[in-house]
Amino acid sequence: MKAIGKNFKSALLLFFALLLPCAILMVAWDAHAADSKLIEKGKKVYESRCIICHGPKGDGKGLIGIVNRAQIRGSVQTIYPRDFTTGVFRFRTTPTGCLPTDENLLRVVTNGIPRSYMPSHEDVSMEERKAVIEYVKTFSPRWKEEEACKPIPVKKPAWVGTPESIAKGKKIYREMKCWECHGEQGKGDGPKSDTLKDDWGDKIIPFDFTTGATKMGFAPENVYTAYTTGLDGSGMPSFEDSMSEEERWHLVSYTLVLMGRIKE
Ligand code: HEC
Ligand code: HEC
């Protein structure tokens, strides 16, 4: 009797030992099926709404090609849709060099991007917007190899916008040579402004503060984020390492003056 009991126990153990990997496999397969369903759905949205600009390969070479060509101070600037194959994104709340969060991408897709002709997609359902984001991620291997980093903390000090903070920001603007690209008055016409190229070798014009049309958003918190994360791929650097948090907030104060939002 004892021997039978033992055999039965080992048989039972073996049964469960075999069942476990099967169960894990089934769960994994299910998740995979759900993922590919979402991506399939995203592909449909992409084909109807994004392909014309961002292209079938996600390299920004859609039918439209150049979305805008403008003469700015006699020099020609062209704007191309983003190339997703490099996995480099500009409007993030994550540190420079990092992938954006899903929320960052959702914001861009929902609101569009001012000053660049990337339209808003508020009319696309939330489910489809989330699906198209998953599809965009299939264009670069970075999304399989890396996790998105943690967003940077943003806590606006009460003194932002005070005359002392503005004066300090103005000094930093001079010392950090922001004017070399953005010009003394922030009109985007600094001595280096005509020679700048983005990571793809296309001409890029530094932001003209007087237009007020920041791409990250124009709340002080958005401007601070841009100074901390940098707009990767555009030539606008991150100042997380070269400036203290306090200095970046002083710079925000002066930015608000250059944008005409507050008086000096
Ligand atoms: C009319 C052309 C156009 C259409 C349509 C369009 N885009 Fe864009 N998109 C652009 C341009 C131009 C940029 C680059 C803007 C810039 O860098 O200033 C861009 C940038 C982006 C970015 C990069 C944001 C970043 O942080 O760098 C994402 C993501 C994006 N588009 C997703 C989409 C998705 C998804 C769709 C479809 C639902 C779509 N776009 C439709 C023109 C377009
Ligand atoms: C090497 C040239 C260069 C330097 C130096 C530079 N920038 Fe920029 N900056 C750019 C470019 C190019 C853009 C436009 C990026 C775009 O349109 O996608 C930009 C964009 C911006 C924007 C707009 C962000 C947005 O959300 O649209 C602000 C604000 C800004 N820069 C402030 C500064 C300040 C302040 C400094 C100095 C601490 C500075 N920049 C230094 C090239 C530069």
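Using Cβ contacts closer than 10 Å as the measure, can you line up Lys155, Lys137, Lys44 from fewest to most? Could the numbers behind the result be given before it?
Working: Lys155 8, Lys137 19, Lys44 13.
With the sparsest Cβ surroundings first, the list reads Lys155, Lys44, Lys137.
Build a GNM of the chain with springs between Cα atoms under 10 Å apart, and of Ala17, Ala70, Ala33 the one that fluctuates most is Ala17. Taking other Cβ atoms within 10 Å as a rough exposure proxy, Trp179, Trp200 sort from fewest to most as Trp200, Trp179. Just checking the listed ones, Arg73, Arg115, Arg90: in the Gaussian network model of the chain with Cα springs under 10 Å, the one fluctuating most is Arg73.
Quick check on the exposure proxy: order Phe218, Phe91 from fewest to most C-beta atoms within 10 angstrom.
Values: Phe218 16, Phe91 20.
By the 10 Å Cβ count, ascending, the order reads Phe218, Phe91.
Computed from Cα positions, the angle between helix 220-229 and the longest principal axis of the chain comes to roughly 70 degrees.
Compared with the dominant Cα axis of the chain, that is its longest principal axis, helix 245-258 is turned about 50°. In the elastic network of the chain, a GNM with C-alpha springs shorter than 10 Å, the most mobile of Asp198, Asp189, Asp123 is Asp123. Our analysis of the chain gives Rg over Rh at 1.17, with the two radii drawn from alpha carbon positions and Rh computed by the Kirkwood formula.
Every number here is computed from the coordinates shown, using simple stated rules; none is lab data. Quick caveat: nothing in here was measured; it's all calculated off a predicted structure. Positions of Cβ are generated from backbone atoms using ideal geometry, with glycine treated the same way; all protein chains shown enter the neighbour counts.
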